[in-house]
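Here is the structure we will look at.
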Amino acid sequence: METLKNRILKDGHALNESVLKVDSFLNHGVDAKLMQEIGTTFKEHFENHGITKIFTIESSGIAPTVMTALQMELPMVTLKKQTSKILSGDVYQTTVHSFTKAVDYELTLSKKFISPEDNILIIDDFLAYGEAAQGAIRLVEEAGAKVAGIGIVIEKSFQPGRKNLEDKGYEVYSLARVSKLGKDIIEFVEE
Ligand code: 5GP
């Protein structure tokens, strides 16, 4: 998606060789118009996948996902990051490790928001190692539902997230694929 790539070049900052900061339009400040265009692009790609619901992970996945859900006219569910296990039968939970923040959290989904008939699109802001996406997949599959695909706003293609997901048979569709980060360097995969 050219608009997104241009915005990353203009306003993104590589903190180091592995972390990209996009606080001015995606992770802190949010550019609603750009989010709307992201929603349109995800819709164009996923509209014939038989999707019934869209899941995302709090909190930075919410803005692009709500725009996608609006345009696809589908329900959206935000998976919660809890700090500890909830000891009740009402939720599905799985432990996810965040390499960027060096913490573990309990990704949590209330059972009332999923059923075995569901075909779920998972959207997230970044794909790095694929830990968050694989956590979301575990919750969907524990409920007996299907994963229709994974939509990513910014993929860091030099990290193994895409490969980890594709090796397990999941479709990954990313709007911007970063091939290299460094001081004053942001490069994209040639497509
Ligand atoms: P993964 O689970 O694929 O290793 O990492 C994805 C999650 O970590 C995303 O939900 C995102 O919040 C965070 N993340 C990973 N890499 C980056 C990055 O370079 N920049 C920002 N802002 N977040 C990242």
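The values are calculated or read from the model by the stated rules, or taken from the named source; none is laboratory data. Keep in mind the model is a prediction, meaning the values are calculated, not measured. As a convention, Cβ positions derive from the backbone with ideal geometry for all residues, glycine included, and neighbour counts pool all protein chains shown. SASA here: full protein model, heavy atoms, side chains in, ligands and nucleic acids out. Shrake-Rupley method; radii C 1.70, N 1.55, O 1.52, S 1.80 Å.
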For the stretch 24-36, what are the residues that are within 15 Å of the ligand (Cβ to nearest atom), open to solvent by 30 Å² or more (accessible area, probe 1.4 Å) and hydrophobic (A, V, I, L, M, F, W, C)?
30
Take the conditions touching a Gly at 6+ places or on another chain (Cβ under 8 Å), open to solvent by 40 Å² or more (accessible area, probe 1.4 Å) and within 16 Å of the ligand (Cβ to nearest atom) and apply them to residue 21. Does it pass?
yes
Go through the stretch 80-117 and give me each residue that's open to solvent by less than 30 Å² (accessible area, probe 1.4 Å) and touching a helix residue (DSSP H, G or I) at 6+ places or on another chain (Cβ under 6 Å).
94, 96, 107, 109
Within the stretch 67-78, identify whether any single residue is buried (at least 21 other Cβ atoms within 10 Å of the Cβ) and either closer than 21 Å to residue 100 by Cβ or within 12 Å of the ligand (Cβ to nearest atom) (or both), and answer yes or no.
no
What residue, of 97, 45, is modelled with pLDDT of 95 or more and under 23 Å from residue 173 (Cβ atoms)?
45
Quick one: count up the residues across the stretch 157-167 that are more than 13 Å from the ligand (Cβ to nearest atom) and touching a residue at least 24 places away in the same chain (Cβ under 8 Å).
0
Condition check: free of Cβ contacts under 8 Å to residues at least 24 places away in the same chain and not in a helix (DSSP H, G or I). Does residue 60 satisfy that?
no
Exactly one of these conditions fails for residue 52: (1) within 16 Å of the ligand (Cβ to nearest atom); (2) touching a strand residue (DSSP E or B) at 6+ places or on another chain (Cβ under 9 Å). Give me its number.
(1)
Determine, yes or no, whether residue 118 is among the charged types (D, E, K, R), touching a strand residue (DSSP E or B) at 6+ places or on another chain (Cβ under 6 Å) and more than 16 Å from the ligand (Cβ to nearest atom).
yes
Within the stretch 143-156, is even one residue out of contact with any His (no Cβ under 9 Å at 6 or more places or on another chain), more than 26 Å from residue 40 (Cβ to Cβ), modelled with pLDDT of 95 or more and within 14 Å of the ligand (Cβ to nearest atom)?
no
Per-region count, the stretch 1-49, residues closer than 20 Å to residue 190 by Cβ and assigned to a loop (DSSP other than H, G, I, E, B)
3
